[in-house]
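For reference, the structure is listed below as structure tokens.
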Amino acid sequence: MKRLCELWPVMITPFTHDGKIDYDSLLRLIKWYEDRGATGLFAACQSSEIFYLSLEERVELVRFVVQHARIPVIASGHVSDDLADQIEELKLMHAAGAQALILITNRLAKQDDPPEVFMRNLRTIMDALPADVPLGFYECPYPYKRLISLDELKWCAESGRFHFMKDTCCNIEIIKQRLEVIQGAPLKLFNANTTTLLDSLKAGAAGFSGVMMNFHPELYAWLVRSWQEQPENAQLVQDFLTVFSFIELQVYPVNAKFHLQTVEHVLTDTYTRTKPNTLLTDTGKEEVRQLACAAKAVLETFCR
């Protein structure tokens, strides 16, 4: 029986040239994701530049996406150091309409804190949120990456309250161990790493939630839906996607916004708050253009 896999792009935040959220572009972006195979939208995440948005902007951003999306919307949005402030932020994300609250693992403990601090803070947040609100995890790499341990993952899976995990370990053996731990629980693992994606799907991962869906989501849509029926082409597409994904090591999200502006004609500007868009050189722009041509060729040649 064919297993259905899902796609949850991490949404970028479009800005106008003077740094305000561009809601006209955001409306086009929502439709762009939906038309290219997204099954849900992950708003208010690192790609959304949440650490550079005010609380009011984060809440309004999520509210707007929820109001205009035809597919489910989940959100993080808690960026504060203080736990009480994080709880307030999460409650506001829920009030804005997010269908699940995705907890950023590095917000629950400082980098040098022992594991018991993470679990204590996690329980505090869970107790403060309505018991019927679905929760998830996001191993956000900023300001530092905190990978969840197998013991922590097992506890969360057995709680029955967790349904989504954005996995950023980038290690197929760890992914396999995690999938074994959560087997039979409501918790689903979504790989954020392109290189290990196909192997993770074979091992039981529920789909993909990564930044490269801001470049060519249609290739990821084909892969997660066709790998079981067309294994040889799936491996070829996987190989191409791995090489393509190296572009995220450049000036992301500026290069993604350039792609969405000049290739897809979705955004009106490449302004970002995380870094100057002038960091994208003429060579970097040409890399984006050539990537788009290569992705189109792969789609037309192998994804039938």
By residue number, the members of segment 258-283 that are farther than 16 Å from Val211 by Cβ and part of a helix (DSSP H, G or I) are Gln261, Thr262, Asn277, Thr278, Leu279, Asp282, Thr283
Of all residues in segment 149-173, how many are within 16 Å of Asn106 (Cα to Cα) and of a type outside the set (A, V, I, L, M, F, W, C)?
-> 5
Unique residue being of a type in the set (A, V, I, L, M, F, W, C) and under 22 Å from Asp113 (Cα atoms) when the list is Leu147, Leu179 = Leu147
When residues of segment 59-80 are filtered for being modelled with pLDDT of 95 or more, of a type outside the set (S, T, N, Q) and within 20 Å of Ala128 (Cα to Cα), how many remain?
-> 5
Which ones in segment 130-144 are assigned to a loop (DSSP other than H, G, I, E, B) and under 19 Å from Ala43 (Cα atoms)?
-> Val133, Pro134, Glu139, Cys140, Pro141, Tyr142, Pro143
Given the structure, is Leu103 hydrophobic (A, V, I, L, M, F, W, C) and touching a Lys or Arg at 6+ places or on another chain (Cβ under 7 Å)?
-> no
Taking the stated definitions as given, is Asp167 among the acidic types (Asp, Glu), buried (at least 21 other Cβ atoms within 10 Å of the Cβ) and either modelled with pLDDT under 95 or closer than 30 Å to Thr242 by Cα (or both)?
-> yes
Residue pairs within 6 Å by beta carbon, gap of at least six or interchain, first lying in segment 47-58 and closer than 15 Å to Lys91 by Cα, second hydrophobic (A, V, I, L, M, F, W, C) and surrounded by 17 or more Cβ atoms within 10 Å (Cβ to Cβ), listed first then second, are Arg58/Ala44; Arg58/Ile50
Residues being under 17 Å from the mean Cα position of the chain (by Cα) and of a type in the set (Asp, Glu) - total across segment 212-263 = 2
Report yes if some residue within segment 62-79 is free of Cβ contacts under 8 Å to residues at least 12 places away in the same chain and among the charged types (D, E, K, R); otherwise report no.
-> no
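The values are calculated or read from the model by the stated rules, or taken from the named source; none is laboratory data. Computed from a predicted structure; not experimentally measured. As a convention, Cβ positions derive from the backbone with ideal geometry for all residues, glycine included, and neighbour counts pool all protein chains shown.
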